[in-house]
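K.L.:
I am attaching a structure below and will ask some questions about it afterwards.
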Amino acid sequence: MHDRYLDAVVLERRNLSDRIAEFTLGAADGQPLPLAEAGSHLELRFGGDTGRFLRHYSVVGPLTTTAREPFWRIAVQREDRSRGSAYIHDHFRKGTPLRVSHPIGAFRLSRNLPHVLLVAGGIGITPILPMLRSLVIRRQSFSMLYAGAERSQMAYATEARGLGGDRVRIHEAVHSGMPDLDGLLAAQPAGTVAYVCGPGPMIDALRGLARARGWDDRHVRFEVFNAAHLPDDVDFDIRLRSGHVVRVGAGTTMLDALEGARVDTLSDCRRGECGLCVTDVLDAHEGIDHRDSYLTADEKASCTQVALCCSRARGAVLDLDLE
Ligand code: FES
């Protein structure tokens, strides 16, 4: 097991909605955990002694500006297609042991920006809420949109309003339809940097609209959830240069499977953003279902490289340039 993981335990479970539960995680030895930077996430390994699931969850952090918490708080939405989230909902109780990484800062909030626009869609609130808290504490200029189906299904809506007041707009699609993202962008002062987390189509829409308005691409920073798992995923094999074959189950990633087989790999974000896990493909056979946001469209079309942490084979096998 990787030593960047520490033994942790579920301290408390709290249901936030029908499908979202909050868990506070503490060190198994009772030592206080450090405050996590806004936008950071944890890797959790859980599911029996072998830790057969590996999932990433944002650290939500304290819910008020003054609280100091010696534990990490995550919120997990139960996805019917995701065995990991179902396992968490069914099995995580006070005292459940798990392994957890130290916070990973792949989605960092820059300091001293002239104005920040926060956009959260659904469970995408989890990395955005600590950013909101940080902006409030630092008295920075910001505005925020939190969109969801309806308020009863939107975790931390009350806390977001409590932190940001009327600078936080809660948008319920059931009453108001889809949010006007173009109007939102139009209302921002020049030089605004947006941080967005939510469903892929919402992020894509915001990026496209911002680009059409002449925003620099680097001014829309985003985090996508669950790029690695889709309902119709099936098993496939990776063949290494040696001819050795590693099976990738429907509910796991190439990266997890290779690590399990003790094949040397590199990784950092584990969500298709940093490019560290990108590996040369020797034969893509029926092609690759690219799910990362790191490779360019041309690179994806050529199928000569693949992000191990989230992409999958379209066929039964992929030949990779790995020992
Ligand atoms: S680990 Fe970052 S893109 Fe795969």
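K.L.:
How about the stretch 237-255: which of its residues are within 24 Å of residue 57 (Cα to Cα) and either surrounded by fewer than 16 Cβ atoms within 10 Å (Cβ to Cβ) or within 11 Å of the ligand (Cβ to nearest atom) (or both)?
P.N.:
Quick first cut of the stretch 237-255, residues within 24 Å of residue 57 (Cα to Cα) only: 248-255.
If the condition is that a residue be within 24 Å of residue 57 (Cα to Cα) and either surrounded by fewer than 16 Cβ atoms within 10 Å (Cβ to Cβ) or within 11 Å of the ligand (Cβ to nearest atom) (or both), then 249, 250, 253, 254, 255 are the ones that fit.
K.L.:
Taking helices (runs of 4 or more DSSP H) that fall entirely within the stretch 196-309, which contain at least 3 residues that are farther than 30 Å from residue 132 by Cβ?
P.N.:
Fully inside the stretch 196-309 and qualifying: 254-260, 297-302.
K.L.:
If we scan the stretch 257-280, do we find a residue that is touching a helix residue (DSSP H, G or I) at 6+ places or on another chain (Cβ under 9 Å), modelled with pLDDT of 95 or more and open to solvent by less than 30 Å² (accessible area, probe 1.4 Å)?
P.N.:
Scanning the stretch 257-280 turns up at least one residue that is touching a helix residue (DSSP H, G or I) at 6+ places or on another chain (Cβ under 9 Å), modelled with pLDDT of 95 or more and open to solvent by less than 30 Å² (accessible area, probe 1.4 Å).
K.L.:
Can you list the strands (runs of 3 or more DSSP E) found entirely within the stretch 91-186 that contain at least 2 residues being β-branched (Val, Ile, Thr)?
P.N.:
Values: elements: 97-101, 116-121, 142-148, 168-172.
It comes to 116-121, 168-172.
K.L.:
Of all residues in the stretch 1-51, which are in contact with a Gly (Cβ under 9 Å, 6 or more places away or on another chain), part of a loop (DSSP other than H, G, I, E, B) and free of Cβ contacts under 8 Å to residues at least 60 places away in the same chain?
P.N.:
32, 33, 35, 47, 50
K.L.:
Right, something else. Take the conditions within 25 Å of residue 215 (Cβ to Cβ) and among the small types (Gly, Ala, Ser) and apply them to residue 86. Does it pass?
P.N.:
no
K.L.:
Look at residue 311 and say whether it is near the ligand (Cβ under 10 Å from one of its atoms) and hydroxyl-bearing (Ser, Thr, Tyr).
P.N.:
yes
The values are calculated or read from the model by the stated rules, or taken from the named source; none is laboratory data. All values derive from a computational prediction rather than experimental measurement. Virtual Cβ from ideal backbone geometry, glycine too; neighbours counted across all protein chains shown. Heavy atoms of the whole protein, side chains included, go into the accessibility calculation; ligands, DNA and RNA do not. Shrake-Rupley method; radii C 1.70, N 1.55, O 1.52, S 1.80 Å.
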